[in-house]
Structures are given as C-alpha cells and as structure tokens.
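J.: Have a look at this one before I ask anything.
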Amino acid sequence: MKTGLFPGPGGKGDFKKYPVWDQRYVYDGWVEPFVSAGHQVHRYLAHGLIKRAFVSDIDPKVKATWFCWRSPELREIVANRINGVSPRLLIDPIGLYEEMKAVVDSGTQSPIELSVASLICRYFVFGNTLRSNRKGKLNVCASKDKTQSLQKKAGKTNDYPQLEPGFLEDLNQGWRFEWPWFGDDWNVSFSNSWQQCLDAFESSNCQNAIAFVDTPYWLPPKSRPGRRGTGALTPAYTHHGNPQGQETFDLFINCIDRLLDNPRVGRVVATNYISDELCFEVARLLDKRKREWWFTPLGTLATMNNGSHRDDCPIEGFWEFGGRRMAGRYDQLSLLEAAAA
Ligand SMILES: C[S@@+](CC[C@H](N)C(=O)[O-])C[C@H]1O[C@@H](n2cnc3c(N)ncnc32)[C@H](O)[C@@H]1O
C-alpha cells in the first residue's frame, strides 16, 4: 500500500525499521506532532487500527498538502491540476519546474496553489527534498536524472516534436498523479505547531493514545559526523532549523516531556540521532517517572548523501516509552503472535 502524502526526507515508511505501533495494544488516538508526509499515521488509519489522529507540521507546504488531502473536492482539483500540466513535462520541463518553484516562493496563501506547486517540485528534485535558503526560498534545481525519468514516464517518443495526433491522451496514461487513500470516516486534526497539536489532543476525549515524535534530527555542535570541510551539518529540508542548535535539541526533549506527563498517552515512540547529550537528557526525563522504556540503535541512515556505509556516520536511535518493546522484534514474531496481534 502506498503510504504517506509524498516522498521526502526523513520519511518513516519502513515499518520494519520503525515499528511504532506495538501490535498487542489498542489505542484510541494517534498523536504525531512532526508529521510531514505522515507515513506512519497513514498506515494505521488505512489499516483501520485508528480513526482519530492529531498531527501538525510547521511547514506551510506540508500544511497545504494535508489540507487538500482531507477534502474530497480539493483532492480532485489538485489531482486534475497536476495531471493537467503533464504535457509540459515533454515540452518545457525546466520551465514548468521554475514556474512551480516561483509559486512556492511567492508565499501564496492558497492551499491548492501551494500543494500543486510543492508536489510538482518534489518530483523534480534530488531526494524529493525541498531545501531552502535562510530567507525561506527554495534553493534546489531540477535534477537532470529526475527530469529525464519524468519525461520517460510521460511517454517521450524519439520522433518528438513530430508527434502524432492524440499524443496528449497517451501522455496522460504514462504519468498520473494519484493521492494516497483517505477514508471518509477518519477524523484527522491538523495543527500548525507541535504545541497546538498537543493542545488539540488534550482537549479531546481520547483516553489511551499512541504518539510518534519524529523531530528534525539533532547532533551536538562541533561533532563531525562523517563529514569533510567544516563538519557542520546543513539542514536537510526547509524547516529543519539548525541541526546542531539548542532549539532543535529542545524540540525533541520538550515534546517528549509533555507527552510523558499525560496519563492519556499510553505509548510514546521517538527517533533521532544518537549522541551522549541526547541519550543523557532522555534518561533524565525518565528518571522522574516510573514508566518502562527501551532504547535501540538502528544503524546509519540509508538515505544519507555521503553513504551509509562509512563508519563515522551518525547512528539513528529508536526510543520506546510504554506499551511493548518493538524495535528489533519484528523478525522474531511467531505466527501465533502475529495472529493474536
Ligand atoms: C523528520 S521530519 C518528519 C518525517 C515524517 N515522520 C515522515 O514520515 O514523513 C520533521 C518535520 O518536523 C517539522 N517541524 C519542524 N519544526 C516543527 C515545529 N516546531 N512544529 C511542528 N513541526 C515542525 C518539519 O517541517 C518536518 O516536516
């Protein structure tokens, strides 16, 4: 099943690697304050395991896309608009990309314009990653590989531009945008910040929720994780903040702290890079509470630009508080356990 609203950086669509849901328990709400494409929440909604979700993301592009996805009318308009431009993939792909990039950079308040433009831009850029400069403007170019593969999918023929009549119909069959499934009986609230997301959850009737905290990743300042030059880590996407700044560290710790304080949250799962500083602070949070928790190193990020095989790359960690330990267990589940889950 296709999960998540779009491909992109930090996506948690590998459910064996990131087993957030612990299959034995029943939860009545899902809280995901740093949702982005939302692979995890989408999967469990689509499987019918939850109907109520509270999510948020600070990125207006993400917000616009969730806004359109949740409305049948807007879903149709956006899909038609994206599919309507596919002929331009053949005729003027770079012009199309530049035009869409300008829409994203214009700061438009229209969710339709912004989700159409940002979804199209993602198809064109390396790693589907919309990076931006300090002023918040996209600073990524269309990748040659991506453009060529889009053109191929769109049905590029060797005899272009001497195209046969009807080529536009053929073209539309070769490349089509489709939204991932959205169920009419799902109740998904989207907020603009992680604090508002937790406020929305706290004022709901949910009694036993599961929360997934996937903040922008953090590493200590001056650490040089598998990097040349200054060793400084650059933001991986528009709202990564400073990956070595205190505010990025605080996002992770403060959000977990607030969730753990809530007795109506039965399980919290969190991911980040492993560092002594972060592990120490998480352990300190747990010292104040008497909840069971587990920590599992996951290895290097497979999607890192500089190759996950280098032994000085940062390692991802997986923290589980409450519920049942899942990391590393997936392959050990017996058939009986799987059937009972
Ligand atoms: C690592 S990504 C999450 C990826 C997601 N789990 C997925 O599967 O696609 C972190 C997200 O946090 C968002 N973010 C950063 N600061 C935030 C804040 N203060 N409140 C809410 N979201 C924030 C970023 O825009 C980004 O989309």
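J.: Give me a count of the residues in the stretch 236-250 that are away from the ligand (no atom under 11 Å from the Cβ) and open to solvent by 30 Å² or more (accessible area, probe 1.4 Å).
T.: 2
J.: Could you check the stretch 229-341 for helices (runs of 4 or more DSSP H) lying wholly inside it with 1 or more residues that are under 20 Å from Tyr25 (Cα atoms) and modelled with pLDDT of 90 or more?
T.: Values: elements: 246-260, 276-287, 335-340.
Qualifying helices (runs of 4 or more DSSP H): 246-260.
J.: Determine if the stretch 111-127 includes at least one residue that is modelled with pLDDT of 85 or more and among the basic types (Lys, Arg).
T.: yes
J.: Let me ask something additional. Among the residues of the stretch 251-269, how many are open to solvent by less than 10 Å² (accessible area, probe 1.4 Å), more than 12 Å from Val282 (Cβ to Cβ) and not aliphatic (A, V, I, L, M)?
T.: Result for the stretch 251-269: 1.
J.: Ok, one more. What are the pairs with Cβ atoms under 7 angstrom where one residue, in the stretch 49-75, is within 12 Å of the ligand (Cβ to nearest atom) and the other, located anywhere, is open to solvent by 60 Å² or more (accessible area, probe 1.4 Å)? Sequence gap at least six, or different chains.
T.: Note: pairs meeting the criteria are Ser56/Asn192; Ser56/Gln196; Asp57/Lys63; Ile58/Asn192; Ile58/His239; Asp59/His239; Lys63/Asn192.
J.: Let me ask you something else. Output the number of residues of the stretch 9-44 satisfying the condition of being over 16 Å from Ser56 (Cα atoms) and within 6 Å of the ligand (Cβ to nearest atom).
T.: Count: 0.
J.: Moving on. Of everything in the stretch 183-200, what is assigned to a loop (DSSP other than H, G, I, E, B) and open to solvent by less than 20 Å² (accessible area, probe 1.4 Å)? Give them in sequence order.
T.: Of everything in the stretch 183-200, just one residue is assigned to a loop (DSSP other than H, G, I, E, B) and open to solvent by less than 20 Å² (accessible area, probe 1.4 Å), namely Gly183.
The values are calculated or read from the model by the stated rules, or taken from the named source; none is laboratory data. All values derive from a computational prediction rather than experimental measurement. Don't worry about glycine lacking a Cβ; one is built from the backbone with ideal geometry, like all the others, and counts go over all protein chains shown. Just so you know, the surface numbers come from the protein's heavy atoms only, side chains and all, with ligands and any DNA or RNA stripped out. Shrake-Rupley method; radii C 1.70, N 1.55, O 1.52, S 1.80 Å.
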